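Participant: Have a look at this one before I ask anything.
The values are calculated or read from the model by the stated rules, or taken from the named source; none is laboratory data. Predicted, not measured: the structure shown is a model, and the values here were computed from it. Here the Cβ positions follow ideal geometry from the backbone for every residue, glycine too, while neighbour counts run over all protein chains shown. All accessible areas refer to the heavy atoms of the entire protein, side chains included, with ligands and DNA or RNA removed. Shrake-Rupley method; radii C 1.70, N 1.55, O 1.52, S 1.80 Å.
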Amino acid sequence: HKGIGEKLIKSIQEYAKQNNKDIVLTCSPLLAKEITNEDIRLLEQYYERFGFITKQHINKIPQMVWECK
């Protein structure tokens, strides 16, 4: 089911555009182990592809924003 996440994100962004809303998300890896800086870096890179930017980190976990333009 490759690409489902990308399709969901793009659909949510389209809905947000139509309703003039920004998107704020807190992204955390679904891992049973300790979260590493590399895990966080990969998450941020993934969402940056869709125009999200990191606003802050809460206990290492990035809070990211996509602004409706």
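Participant: Does anyone have the angle between helix 37-48 and the longest principal axis of the chain? Alpha-carbon axes, 0 to 90°, nearest 10?
Facilitator: With both axes taken from Cα atoms, the answer is about 10 degrees.
Participant: Further question: So what are the radius of gyration and Dmax for the Cα set of the stretch 7-66, in Å?
Facilitator: 12.4, 39
Participant: Mind checking the per residue accessible area of the chain for me, 1.4 Å probe, whole number of Å²?
Facilitator: Numbers: 5260 Å² over 69 residues.
Here the per-residue accessible area is 76 Å².
Participant: Any lysines with Cα under 17 Å of the LYS10 Cα? List them, leaving off those in the same chain fewer than 8 positions away.
Facilitator: Of all the lysines, those that pass the test against LYS10 - Cα under 17 Å, at least 8 places apart if same chain - are LYS2, LYS21, LYS69.
Participant: Simple spin-label model, 7 Å along Cα-to-Cβ: SER28 to LEU8 in nm?
Facilitator: 1.6
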